[in-house]
Amino acid sequence: MDDMIRKAAADLAASRHAVALTGAGISVESGIPPFRGKGGLWEKVDPMVFGNIETFEREPAKVWEVLIKDLKELVDQARPNDGHKGLARLEELRILKTVITQNVDGLHQMAGNTDVIEFHGNCAWQRCMDCGSRIPTAETDISRLPPRCKCNGVLRPDWVFFGESIPVNAMHRARQAAASCDLMLVVGTSAVVQPAAYMPVIAKQSNAKVIEINPQRTPLTRNVSDYLVKGPAGEVMNAIFAELDKLL
Ligand code: OAD
C-alpha cells in the first residue's frame with residue numbers, strides 16, 4: 001500500500017494534464033451508499049425496473065416513492081469528503097483539469113472543482129416531461145408525488161435513466177478529456193456501466209497512465225489500469241497528499 005501511495009504521488013507530481021473519472025464509491029464517505037455490492041442501492045431496488053425510463057413514464061409516483069425521494073434526501077444532507085476535496089486540491093495545484101463523474105450528487109462542484117462533466121446528469125434539477133422547464137430540486141414541492149410543474153406536467157430528475165442516452169455534450173467532452181490526458185485517476189467506480197467504463201480505455205490508448213483508487217479490484221484492474229491503490233477514496237487521497245506535498 002505504501003509503495004502504491006508513493007508511486008501515485010510521484011505520477012501525479014509528474015503529470016501536466018490529469019483527468020479523473022469518478023463513481024459512487026467516492027461519495028460513500030459522504031454517507032451516500034453505492035449502487036452495487038453489500039448495502040448498495042440496487043440490492044433494495046431493482047435497477048432494471050425502477051432505474052428505467054419506461055417504468056418512470058408508466059408509474060412516475062412509484063419511482064419517486066421507491067427511488068428518487070430517498071436519494072434526494074441523502075444527497076441534500078451530503079457534504080464533500082476528503083476524496084472530493086483531494087480532487088479539488090489537485091485542480092488548485094493545476095495538475096487535474098477535468099472531472100468526469102457518473103455521480104448525480106454535485107459534490108465535486110461543492111468541493112471546488114470547476115470543470116465537472118456530469119456523465120449521468122444530476123439530481124439538482126428537475127425537468128418537466130411536458131414543457132421542458134427546468135426547476136431546482138430544492139424548490140420542488142414533493143409533498144404530493146409525483147411533483148408537478150406549473151403546467152401540470154410530471155417532473156423528473158435531470159439525470160440519465162437506464163434506457164436513455166448519455167447527454168451528447170457530456171459524451172463528446174468526456175471522450176475529448178480522456179483522449180487528451182496524460183494521467184487518469186479512476187476513483188470509486190465498479191467500471192461495469194458503459195460507456196463511462198470505456199473512458200479509461202480511451203485514456204490508455206492515448207498513452208495516459210491509468211491509476212485506480214478503490215477498496216476492490218474492478219474489470220479495469222491490470223487489463224487497463226497501470227495499478228490499483230487499494231482503499232477508501234478519502235483515506236487514500238490524504239495519504240497521497242502526505243507524499244505529494246513533499247514532492248512539490
Ligand atoms: P457502483 O456502485 O457500481 O460501484 C461503486 C464502486 O466504489 C465499487 O467498485 C466499490 O468497490 C467502490 N467503493 C466503495 N466504497 C468506496 C470508497 N469509500 N472509496 C472508493 N471506492 C469505494 O457505482 P458506479 O461505478 O458509480 O448509473 O456505478 C455506475 C453507474 O451504475 C451509476 O452511475 C448508476 C449505476 O446504475 C445510472 O443510474 C445510469
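The values are calculated or read from the model by the stated rules, or taken from the named source; none is laboratory data. In this text, all values refer to a predicted model and were calculated from it rather than measured experimentally. As a convention, Cβ positions derive from the backbone with ideal geometry for all residues, glycine included, and neighbour counts pool all protein chains shown. Areas reflect the complete protein model, heavy atoms only, side chains present, ligands, DNA and RNA absent. Shrake-Rupley method; radii C 1.70, N 1.55, O 1.52, S 1.80 Å.
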Checklist entry - Does any residue in region 186-207 that is without any contact (Cβ under 8 Å) to a residue 24 or more places away in the chain come within less than 6 Å, Cβ to Cβ, of a residue that is within 12 Å of the ligand (Cβ to nearest atom) and open to solvent by less than 30 Å² (accessible area, probe 1.4 Å) six or more places away or on a different chain, and which pairs are these? => result ALA197/ALA191
Next on the checklist: Based on this model, can you work out whether SER27 counts as in the same structural domain as ASP115 (by TED's automatic domain parsing) and in contact with a Pro (Cβ under 9 Å, 6 or more places away or on another chain)?
Outcome noted: yes
Checklist entry - Going by the conditions given, is PRO157 within 13 Å of the ligand (Cβ to nearest atom) and at pLDDT 95 or above? => result yes
Checklist entry - If we scan region 140-163, do we find a residue that is within 26 Å of THR98 (Cα to Cα) and in a loop (DSSP other than H, G, I, E, B)? => result yes
Next on the checklist: If I go through region 163-184 residue by residue, how many of them are open to solvent by less than 10 Å² (accessible area, probe 1.4 Å) and farther than 14 Å from ILE117 by Cβ?
Outcome noted: 1
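Can you name the residue in region 239-248 that is crowded, with 16+ Cβ neighbours inside 10 Å and closer than 20 Å to ARG94 by Cβ and is also nearest to the ligand (Cβ to nearest atom) among such residues?
Per the stated criteria, the residue is ILE240.
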Checklist entry - Mind checking which residues of region 28-49 are among the hydrophobic types (A, V, I, L, M, F, W, C), open to solvent by less than 40 Å² (accessible area, probe 1.4 Å) and either in a loop (DSSP other than H, G, I, E, B) or in contact with a Leu (Cβ under 7 Å, 6 or more places away or on another chain) (or both)? => result ILE32, VAL45
Checklist entry - Is it fair to say VAL116 is touching a residue at least 60 places away in the same chain (Cβ under 8 Å) and more than 10 Å from the ligand (Cβ to nearest atom)? => result no
Checklist entry - ASN122: within 16 Å of the ligand (Cβ to nearest atom) and under 10 Å from SER30 (Cβ atoms), yes or no? => result no
Checklist outcome for this item: LYS97 vs (1) in contact with a strand residue (DSSP E or B) (Cβ under 9 Å, 6 or more places away or on another chain); (2) open to solvent by 30 Å² or more (accessible area, probe 1.4 Å); (3) within 13 Å of the ligand (Cβ to nearest atom); (4) not in a helix (DSSP H, G or I): all pass except (3)
Next on the checklist: Of all residues being touching a Gly at 6+ places or on another chain (Cβ under 7 Å) and in contact (Cβ under 8 Å) with a residue 24 or more places away in the chain in region 124-156, which is farthest from VAL75 (Cα to Cα)? Just the residue, please.
Outcome noted: ASP130
Item to check | Given (1) in contact (Cβ under 8 Å) with a residue 60 or more places away in the chain; (2) open to solvent by less than 60 Å² (accessible area, probe 1.4 Å); (3) away from the ligand (no atom under 14 Å from the Cβ), number of the condition ARG16 does not satisfy | outcome: (2)
Item to check | Candidates VAL236, VAL186 - the one that is in a helix (DSSP H, G or I), within 13 Å of the ligand (Cβ to nearest atom) and among the β-branched types (Val, Ile, Thr) | outcome: VAL236
Item to check | Restricting region 195-228 to residues that are closer than 14 Å to PHE119 by Cβ and more than 10 Å from the ligand (Cβ to nearest atom), the residue that is farthest from the chain's Cα centre (by Cα) | outcome: ILE202
Checklist entry - For ASP105, all conditions in the list (1) part of a loop (DSSP other than H, G, I, E, B); (2) open to solvent by 30 Å² or more (accessible area, probe 1.4 Å); (3) not hydrophobic (A, V, I, L, M, F, W, C) hold save one; what is the number of the exception? => result (2)
